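Single-structure report; data block below.
The values are calculated or read from the model by the stated rules, or taken from the named source; none is laboratory data. Keep in mind it's a predicted model, so treat the numbers as computed, not measured. Methodologically, a virtual Cβ is constructed for each residue, glycine included, from the backbone with ideal geometry; neighbour enumeration extends over all protein chains shown.
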2 protein chains.
Amino acid sequence: MARWQPDARGRLEAAAFELFRERGFEQTTVADIAGRAGLDKRTFYRLFGDKREALFSGSAHLEEVLAKTVAETDAGPFEVVIAAFRRVAEEIFADRLELVRARQAIIESSPELQERELRKTGSLVAAVTAALRAKGLDESTATLATESGATVFRVAYARWVAPGGDVPLTDLIAEVATELRAITSASG
Amino acid sequence: MARWQPDARGRLEAAAFELFRERGFEQTTVADIAGRAGLDKRTFYRLFGDKREALFSGSAHLEEVLAKTVAETDAGPFEVVIAAFRRVAEEIFADRLELVRARQAIIESSPELQERELRKTGSLVAAVTAALRAKGLDESTATLATESGATVFRVAYARWVAPGGDVPLTDLIAEVATELRAITSASG
């Protein structure tokens with residue numbers, strides 16, 4: 001069967017992204033997506049579960065790169081998490097600013113997609129925390145380092161996708177990490 | 001009309017909480033809640049919108065106390081947010097550990113309730129960020145301080161509701177804030 005469906009997943013993702021941009025998320029049906037990709041609805045549901053999921057298939061890879069970098073980096077817990085997010089910025093986000101902006105606009109158009117994104121973020125945070133724990137850190141240090149790193153990433157990412165910006169995401173992450181250090185270390 | 005419905009809101013909240021504990025969230029209907037409170041479904045929906053909301057009516061007060069403390073406290077942005085969460089711990093959470101644990105167990109029993117809690121947290125974070133911005137802080141400093149403070153609160157809260165703990169929440173918040181400072185300031 002694979003022979004007549006080379007990369008069905010990639011074709012469905014591309015079709016979903018195109019249609020969400022053209023018509024909007026609400027106005028696109030799974031049948032539309034399957035049709036555009038030259039496949040059927042059954043294939044779509046076998047690969048994605050629901051319509052929202054077609055916009056989030058990159059998150060497993062993201063999680064993998066984060067966990068791998070955490071495992072490989074030798075530094076303090078917060079530095080490790082920042083290094084992981086910078087790796088993701090370099091390997092996954094760099095050179096894709098326009099695509100990322102378009103995807104972000106689609107997500108912001110739908111509370112359902114925002115909800116799915118929150119859940120994906122939760123799963124990603126859990127994966128990074130688990131990777132830190134696997135290095136022998138206790139639960140609360142791992143959680144604090146992960147959540148602070150995720151906060152830095154979110155603020156840097158918002159700056160990156162905002163109109164007019166042209167600083168690479170990895171530099172923005174380093175910059176915001178420095179800001180966070182300054183804010184938390186100030187007085188006591 | 002108010003005469004025969006003194007504190008309809010409070011009675012419905014109490015009835016919902018009792019029934020969620022006794023039967024579980026899924027197994028409780030809005031009609032059950034209204035019945036237990038001696039009121040009708042229409043009154044419930046007028047006050048709460050949906051069944052989930054009956055478990056979250058405290059969040060408006062929480063938001064208010066946070067925003068007020070942020071406005072009144074004179075310190076660095078992270079310290080201000082920590083002070084606000086400690087105020088909430090003292091004024092709203094202290095002496096209610098058993099109730100909070102029971103409520104937490106109900107929330108953890110239902111993905112729908114977890115989702116509502118995420119949204120409430122989002123709204124709370126937005127309120128604290130807005131209160132910091134009103135003091136003249138820029139968007140990203142306000143966001144970083146709020147999110148870091150919220151992370152500290154979450155970790156302290158998880159420790160507080162965990163079985164066996166007896167350290168006051170406000171002390172745990174101070175303790176975790178110190179841990180976060182240590183993690184983020186270590187090296188660079």
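Side notes on the structure shown:
- Members of segment A:71-110 that are farther than 22 Å from A:Val167 by Cβ, touching a residue at least 60 places away in the same chain (Cβ under 8 Å) and away from chain B (no Cβ under 14 Å): A:Ala71, A:Ile106, A:Ser109, A:Ser110
- All positions within segment A:134-159 that are among the β-branched types (Val, Ile, Thr) and within 8 Å of chain B (Cβ to nearest Cβ): A:Thr141, A:Thr143, A:Thr151, A:Val152, A:Val155
- Taking the listed residues A:Ala34, A:Ala15, the one that is crowded, with 16+ Cβ neighbours inside 10 Å, more than 22 Å from the chain's Cα centre (by Cα), at pLDDT 95 or above and in a helix (DSSP H, G or I) is A:Ala34, with no other qualifying.
- Of the residues making up segment A:160-182, those that are facing another protein chain (nearest Cβ under 7 Å) and either surrounded by fewer than 23 Cβ atoms within 10 Å (Cβ to Cβ) or more than 26 Å from B:Gly122 (Cα to Cα) (or both) are A:Glu179, A:Arg181.
- The listed residue being of a type outside the set (Ser, Thr, Tyr) and on the phi > 0 side of the Ramachandran plot, out of A:Gly149, A:Gly164: A:Gly164
- Boolean, A:Val167 is of a type outside the set (Ser, Thr, Tyr), touching a residue at least 24 places away in the same chain (Cβ under 8 Å) and in the same structural domain as A:Ala71 (by TED's automatic domain parsing): no
- Looking at B:Ala127, B:Ala105, B:Ala67, B:Ala71, just one residue is closer than 22 Å to B:Gly10 by Cα and assigned to a helix (DSSP H, G or I), and that residue is B:Ala105.
- Subset tally (residues that are of a type in the set (S, T, N, Q) and either under 16 Å from A:Val88 (Cβ atoms) or in a loop (DSSP other than H, G, I, E, B) (or both)) for segment A:151-188: 3
- Residue within segment A:97-108 that is over 27 Å from A:Asp7 (Cβ atoms) and in contact with an Asp or Glu (Cβ under 8 Å, 6 or more places away or on another chain) present: no
- Of the residues making up segment A:111-128, those that are of a type in the set (Val, Ile, Thr) and within 11 Å of chain B (Cβ to nearest Cβ) number 2.
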